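Here the structure comes first, spelled out in C-alpha coordinates, and everything after it is commentary.
The values are calculated or read from the model by the stated rules, or taken from the named source; none is laboratory data. Just so it is clear, the structure is predicted and the values come from calculations on it, not from any experiment. Counting neighbours? That spans all protein chains shown, and the Cβs are built from the backbone with ideal geometry, glycine included.
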Amino acid sequence: MFKRVLPSLCRYMFIGIVFPFLVQYVIYYRFTPNYNVNAFSEAHFTEGSSKGVYRYRLLGRELHLWVYKKLSAVPAIRNMKENPLYEKRLDYLDPDADQTFYFTYFIMALLFSILTSVFLLLIFDSGPFFNMSEPQKIFIPAFLILFIGLTNFVITPYDNLSYFFLTLAIFGFLKYLQSAKWTHYILVCAVILLATLNRESSLLILSFMAGIYISAYKIQDFRWIRKMVVPVFCFIIPYVALRSFLGGDPEVSEGSKLLANLSIFKISKLSGFLFVPVFFLHAMEYDQFPGEPPPGY
(Lines give C-alpha, C1' and ligand atoms only; values in the text may rest on other atoms or scores of the structure.)
Protein backbone atom coordinates (compact mmCIF):
# COMPACT_ATOMS: atom_id res chain seq x y z
CA MET A 1 0.00 0.00 0.00
CA PHE A 2 2.81 2.40 0.89
CA LYS A 3 4.37 1.85 -2.55
CA ARG A 4 1.07 2.87 -4.16
CA VAL A 5 0.70 5.98 -2.01
CA LEU A 6 4.33 7.15 -2.21
CA PRO A 7 4.22 8.50 -5.82
CA SER A 8 1.09 10.57 -5.08
CA LEU A 9 2.56 11.80 -1.80
CA CYS A 10 5.76 12.90 -3.55
CA ARG A 11 3.73 14.59 -6.30
CA TYR A 12 1.73 16.61 -3.78
CA MET A 13 4.84 17.44 -1.76
CA PHE A 14 7.09 18.60 -4.58
CA ILE A 15 4.59 19.98 -7.12
CA GLY A 16 2.07 21.16 -4.53
CA ILE A 17 4.49 22.79 -2.06
CA VAL A 18 8.17 22.84 -3.02
CA PHE A 19 7.80 23.98 -6.63
CA PRO A 20 5.43 26.91 -5.86
CA PHE A 21 7.86 28.02 -3.14
CA LEU A 22 10.79 28.04 -5.58
CA VAL A 23 8.78 29.91 -8.23
CA GLN A 24 7.48 32.58 -5.86
CA TYR A 25 10.85 33.03 -4.12
CA VAL A 26 12.60 33.64 -7.45
CA ILE A 27 9.86 36.01 -8.65
CA TYR A 28 9.77 38.08 -5.46
CA TYR A 29 13.39 38.01 -4.32
CA ARG A 30 15.44 37.55 -7.48
CA PHE A 31 13.49 39.89 -9.75
CA THR A 32 12.49 43.52 -9.28
CA PRO A 33 8.79 44.43 -9.83
CA ASN A 34 9.44 47.41 -12.09
CA TYR A 35 5.77 47.71 -13.07
CA ASN A 36 4.84 48.68 -9.49
CA VAL A 37 5.43 52.12 -8.01
CA ASN A 38 4.29 53.39 -4.62
CA ALA A 39 2.82 50.04 -3.61
CA PHE A 40 5.29 48.77 -1.00
CA SER A 41 4.25 50.74 2.08
CA GLU A 42 0.97 50.67 3.96
CA ALA A 43 0.10 54.33 3.34
CA HIS A 44 0.81 54.27 -0.41
CA PHE A 45 -0.85 50.87 -0.84
CA THR A 46 -4.02 52.02 0.95
CA GLU A 47 -4.16 55.19 -1.13
CA GLY A 48 -3.65 53.40 -4.45
CA SER A 49 -6.06 50.55 -3.71
CA SER A 50 -8.90 52.96 -2.90
CA LYS A 51 -9.05 54.41 -6.43
CA GLY A 52 -10.79 53.31 -9.61
CA VAL A 53 -11.72 49.68 -10.04
CA TYR A 54 -9.25 48.67 -7.33
CA ARG A 55 -11.57 49.96 -4.59
CA TYR A 56 -13.95 47.09 -5.38
CA ARG A 57 -11.28 44.41 -4.91
CA LEU A 58 -12.00 44.42 -1.24
CA LEU A 59 -11.13 40.96 0.04
CA GLY A 60 -7.54 40.75 -1.22
CA ARG A 61 -6.75 44.25 0.03
CA GLU A 62 -8.14 43.74 3.52
CA LEU A 63 -6.59 40.29 3.84
CA HIS A 64 -3.20 41.69 2.81
CA LEU A 65 -3.41 44.47 5.41
CA TRP A 66 -4.51 42.02 8.11
CA VAL A 67 -1.59 39.67 7.39
CA TYR A 68 0.79 42.65 7.34
CA LYS A 69 -0.36 43.71 10.81
CA LYS A 70 0.17 40.19 12.13
CA LEU A 71 3.64 39.89 10.58
CA SER A 72 4.66 43.35 11.82
CA ALA A 73 3.88 42.26 15.37
CA VAL A 74 6.62 39.60 15.17
CA PRO A 75 10.00 41.23 15.97
CA ALA A 76 12.03 38.65 14.02
CA ILE A 77 10.03 39.40 10.86
CA ARG A 78 9.80 43.15 11.43
CA ASN A 79 13.58 43.40 11.77
CA MET A 80 14.32 41.04 8.90
CA LYS A 81 16.70 42.48 6.30
CA GLU A 82 16.98 41.62 2.64
CA ASN A 83 20.19 40.52 0.96
CA PRO A 84 22.44 43.65 0.68
CA LEU A 85 22.59 43.16 -3.09
CA TYR A 86 18.83 43.75 -3.33
CA GLU A 87 17.92 45.86 -0.29
CA LYS A 88 17.87 49.20 -2.15
CA ARG A 89 15.71 48.13 -5.08
CA LEU A 90 12.34 48.88 -3.46
CA ASP A 91 13.43 52.38 -2.39
CA TYR A 92 13.53 53.42 -6.05
CA LEU A 93 9.94 52.24 -6.52
CA ASP A 94 8.50 53.53 -3.25
CA PRO A 95 10.39 56.08 -1.09
CA ASP A 96 8.59 54.74 1.99
CA ALA A 97 9.11 51.07 1.09
CA ASP A 98 8.67 48.63 3.97
CA GLN A 99 10.43 45.26 3.76
CA THR A 100 7.76 43.64 5.94
CA PHE A 101 5.04 44.95 3.65
CA TYR A 102 6.85 43.45 0.66
CA PHE A 103 7.34 40.20 2.59
CA THR A 104 3.56 40.14 3.07
CA TYR A 105 3.15 40.14 -0.70
CA PHE A 106 5.47 37.14 -0.87
CA ILE A 107 3.72 35.21 1.93
CA MET A 108 0.29 35.80 0.39
CA ALA A 109 1.48 34.78 -3.07
CA LEU A 110 3.23 31.70 -1.69
CA LEU A 111 0.23 30.52 0.35
CA PHE A 112 -2.30 30.86 -2.46
CA SER A 113 0.12 29.53 -5.06
CA ILE A 114 0.54 26.38 -2.95
CA LEU A 115 -3.23 26.05 -2.50
CA THR A 116 -3.79 26.57 -6.23
CA SER A 117 -1.24 23.88 -7.06
CA VAL A 118 -2.74 21.43 -4.55
CA PHE A 119 -6.26 21.91 -5.89
CA LEU A 120 -5.01 21.53 -9.46
CA LEU A 121 -3.56 18.18 -8.42
CA LEU A 122 -6.85 17.26 -6.73
CA ILE A 123 -8.79 18.25 -9.85
CA PHE A 124 -6.66 16.02 -12.07
CA ASP A 125 -7.12 13.19 -9.58
CA SER A 126 -10.91 13.55 -9.83
CA GLY A 127 -11.59 10.04 -11.10
CA PRO A 128 -14.01 9.98 -14.03
CA PHE A 129 -13.32 13.51 -15.27
CA PHE A 130 -9.62 13.25 -16.06
CA ASN A 131 -7.96 10.14 -17.40
CA MET A 132 -4.37 11.32 -17.23
CA SER A 133 -1.01 9.68 -16.86
CA GLU A 134 1.22 10.44 -13.87
CA PRO A 135 3.64 12.56 -15.96
CA GLN A 136 0.70 14.64 -17.22
CA LYS A 137 -0.53 15.18 -13.67
CA ILE A 138 2.92 16.53 -12.84
CA PHE A 139 3.57 18.62 -15.94
CA ILE A 140 0.28 20.54 -16.22
CA PRO A 141 0.11 21.91 -12.63
CA ALA A 142 3.83 22.68 -12.69
CA PHE A 143 3.49 24.52 -16.00
CA LEU A 144 0.50 26.53 -14.77
CA ILE A 145 2.22 27.52 -11.51
CA LEU A 146 5.33 28.57 -13.43
CA PHE A 147 3.22 30.50 -15.96
CA ILE A 148 1.35 32.30 -13.17
CA GLY A 149 4.64 33.27 -11.54
CA LEU A 150 6.36 34.47 -14.71
CA THR A 151 3.36 36.57 -15.79
CA ASN A 152 3.11 38.27 -12.39
CA PHE A 153 4.48 41.54 -13.77
CA VAL A 154 2.39 43.68 -11.43
CA ILE A 155 2.44 42.53 -7.81
CA THR A 156 -1.03 42.66 -6.28
CA PRO A 157 -2.72 41.11 -3.24
CA TYR A 158 -5.59 39.62 -5.25
CA ASP A 159 -4.18 37.83 -8.32
CA ASN A 160 -2.93 34.65 -6.65
CA LEU A 161 -5.99 34.65 -4.40
CA SER A 162 -8.23 34.73 -7.48
CA TYR A 163 -6.41 31.71 -8.99
CA PHE A 164 -7.01 29.82 -5.76
CA PHE A 165 -10.73 30.67 -5.79
CA LEU A 166 -10.95 29.58 -9.43
CA THR A 167 -9.37 26.17 -8.82
CA LEU A 168 -11.34 25.67 -5.58
CA ALA A 169 -14.61 26.42 -7.38
CA ILE A 170 -13.76 24.06 -10.26
CA PHE A 171 -12.87 21.33 -7.79
CA GLY A 172 -16.12 21.81 -5.85
CA PHE A 173 -18.18 21.92 -9.05
CA LEU A 174 -16.68 18.70 -10.37
CA LYS A 175 -17.38 17.06 -7.01
CA TYR A 176 -20.98 18.26 -7.25
CA LEU A 177 -21.37 16.82 -10.74
CA GLN A 178 -19.98 13.53 -9.50
CA SER A 179 -22.04 13.25 -6.30
CA ALA A 180 -24.98 15.71 -6.61
CA LYS A 181 -24.44 16.61 -2.92
CA TRP A 182 -25.78 20.03 -1.97
CA THR A 183 -22.79 20.65 0.27
CA HIS A 184 -20.59 20.80 -2.83
CA TYR A 185 -23.07 23.09 -4.59
CA ILE A 186 -23.17 25.44 -1.58
CA LEU A 187 -19.36 25.44 -1.51
CA VAL A 188 -19.23 26.54 -5.16
CA CYS A 189 -21.76 29.33 -4.58
CA ALA A 190 -19.88 30.54 -1.49
CA VAL A 191 -16.60 30.59 -3.42
CA ILE A 192 -18.21 32.63 -6.24
CA LEU A 193 -19.42 35.17 -3.69
CA LEU A 194 -16.02 35.47 -1.99
CA ALA A 195 -14.16 35.50 -5.31
CA THR A 196 -16.31 38.42 -6.50
CA LEU A 197 -15.39 40.36 -3.37
CA ASN A 198 -11.78 39.76 -4.37
CA ARG A 199 -11.88 40.46 -8.12
CA GLU A 200 -14.46 40.59 -10.89
CA SER A 201 -12.66 37.78 -12.75
CA SER A 202 -14.80 35.42 -10.66
CA LEU A 203 -17.03 35.54 -13.74
CA LEU A 204 -14.68 32.91 -15.18
CA ILE A 205 -16.13 30.41 -12.68
CA LEU A 206 -19.59 30.98 -14.16
CA SER A 207 -18.17 30.60 -17.66
CA PHE A 208 -16.65 27.25 -16.73
CA MET A 209 -19.90 26.00 -15.20
CA ALA A 210 -21.98 27.15 -18.16
CA GLY A 211 -19.57 25.50 -20.59
CA ILE A 212 -19.86 22.17 -18.78
CA TYR A 213 -23.66 22.35 -18.66
CA ILE A 214 -23.93 23.31 -22.33
CA SER A 215 -21.73 20.34 -23.27
CA ALA A 216 -24.18 18.07 -21.45
CA TYR A 217 -27.55 19.54 -22.42
CA LYS A 218 -27.07 21.30 -25.77
CA ILE A 219 -27.39 25.06 -25.75
CA GLN A 220 -31.07 25.12 -26.77
CA ASP A 221 -32.05 23.01 -23.76
CA PHE A 222 -32.96 25.57 -21.09
CA ARG A 223 -32.20 23.20 -18.22
CA TRP A 224 -28.63 24.50 -18.12
CA ILE A 225 -29.94 28.05 -17.59
CA ARG A 226 -32.00 26.89 -14.60
CA LYS A 227 -28.87 25.32 -13.11
CA MET A 228 -27.00 28.63 -13.42
CA VAL A 229 -29.55 30.92 -11.72
CA VAL A 230 -28.21 30.68 -8.13
CA PRO A 231 -24.50 30.89 -9.08
CA VAL A 232 -25.22 33.94 -11.26
CA PHE A 233 -26.92 35.70 -8.36
CA CYS A 234 -23.94 34.82 -6.14
CA PHE A 235 -21.89 36.89 -8.58
CA ILE A 236 -24.36 39.71 -9.21
CA ILE A 237 -25.23 40.46 -5.57
CA PRO A 238 -21.68 41.26 -4.31
CA TYR A 239 -20.73 42.84 -7.65
CA VAL A 240 -23.62 45.33 -7.52
CA ALA A 241 -23.36 45.82 -3.74
CA LEU A 242 -19.68 46.83 -3.93
CA ARG A 243 -20.36 49.40 -6.62
CA SER A 244 -23.46 50.71 -4.87
CA PHE A 245 -21.97 51.15 -1.40
CA LEU A 246 -18.42 52.15 -2.33
CA GLY A 247 -19.38 54.39 -5.24
CA GLY A 248 -16.65 56.11 -7.24
CA ASP A 249 -15.59 55.94 -10.86
CA PRO A 250 -14.40 52.43 -11.81
CA GLU A 251 -12.59 53.56 -14.98
CA VAL A 252 -8.95 52.43 -15.16
CA SER A 253 -8.23 53.19 -18.84
CA GLU A 254 -8.14 56.30 -21.00
CA GLY A 255 -11.73 55.80 -22.08
CA SER A 256 -14.16 53.50 -23.82
CA LYS A 257 -12.65 51.11 -26.37
CA LEU A 258 -16.03 49.77 -27.56
CA LEU A 259 -15.88 51.18 -31.09
CA ALA A 260 -12.29 49.99 -31.56
CA ASN A 261 -13.22 46.51 -30.35
CA LEU A 262 -16.18 46.35 -32.76
CA SER A 263 -13.99 47.06 -35.79
CA ILE A 264 -14.10 44.21 -38.31
CA PHE A 265 -11.14 45.56 -40.23
CA LYS A 266 -8.59 44.03 -37.86
CA ILE A 267 -7.83 40.31 -37.84
CA SER A 268 -7.75 40.17 -34.04
CA LYS A 269 -11.26 41.69 -33.81
CA LEU A 270 -12.66 39.63 -36.68
CA SER A 271 -11.46 36.39 -35.07
CA GLY A 272 -13.46 37.29 -31.97
CA PHE A 273 -16.61 37.77 -33.99
CA LEU A 274 -16.10 34.48 -35.84
CA PHE A 275 -15.60 32.62 -32.56
CA VAL A 276 -19.17 33.31 -31.42
CA PRO A 277 -21.11 31.65 -34.28
CA VAL A 278 -18.65 28.75 -34.43
CA PHE A 279 -19.03 28.15 -30.68
CA PHE A 280 -22.83 28.23 -30.75
CA LEU A 281 -23.00 25.99 -33.83
CA HIS A 282 -20.76 23.45 -32.14
CA ALA A 283 -22.71 23.68 -28.87
CA MET A 284 -26.03 23.05 -30.62
CA GLU A 285 -24.71 19.92 -32.34
CA TYR A 286 -22.63 18.45 -29.53
CA ASP A 287 -24.20 15.97 -27.11
CA GLN A 288 -21.88 14.71 -24.42
CA PHE A 289 -24.46 12.45 -22.76
CA PRO A 290 -26.95 10.88 -25.18
CA GLY A 291 -28.53 9.00 -22.25
CA GLU A 292 -29.09 10.14 -18.68
CA PRO A 293 -26.39 12.59 -17.49
CA PRO A 294 -24.44 12.02 -14.23
CA PRO A 295 -26.12 12.89 -10.88
CA GLY A 296 -25.00 16.53 -10.64
CA TYR A 297 -26.35 17.42 -14.07
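Within the stretch 72-98, being of a type outside the set (Val, Ile, Thr) and not in a loop (DSSP other than H, G, I, E, B) holds for Ser72, Pro75, Ala76, Arg78, Arg89, Leu90, Asp91, Tyr92, Leu93. So, Phe153, is that one in a helix (DSSP H, G or I), in the same structural domain as Glu82 (by TED's automatic domain parsing) and under 27 Å from Pro33 (Cα atoms) or not? Considered against the rule, which asks whether it is in a helix (DSSP H, G or I), in the same structural domain as Glu82 (by TED's automatic domain parsing) and under 27 Å from Pro33 (Cα atoms), Phe153 comes out as no.
Scan the stretch 39-59 and tell me whether some residue there is more than 21 Å from the chain's Cα centre (by Cα), in a helix (DSSP H, G or I) and free of Cβ contacts under 8 Å to residues at least 12 places away in the same chain. Within the stretch 39-59 (the criterion being more than 21 Å from the chain's Cα centre (by Cα), in a helix (DSSP H, G or I) and free of Cβ contacts under 8 Å to residues at least 12 places away in the same chain), the answer is yes, since at least one residue qualifies.
The set of residues in the stretch 178-199 being small (Gly, Ala, Ser) and either in contact with a Pro (Cβ under 7 Å, 6 or more places away or on another chain) or loosely packed, with under 14 Cβ neighbours inside 10 Å (or both) consists of Ser179, Ala180. Annotation note: of Leu174, Leu168, the sole residue that is at pLDDT 95 or above and outside the structural domain of Lys51 (by TED's automatic domain parsing) is Leu168. Could you tell me whether the stretch 138-161 includes any residue that is surrounded by fewer than 20 Cβ atoms within 10 Å (Cβ to Cβ), over 21 Å from the mean Cα position of the chain (by Cα) and farther than 30 Å from Leu93 by Cα? No, because not a single residue in the stretch 138-161 is surrounded by fewer than 20 Cβ atoms within 10 Å (Cβ to Cβ), over 21 Å from the mean Cα position of the chain (by Cα) and farther than 30 Å from Leu93 by Cα.
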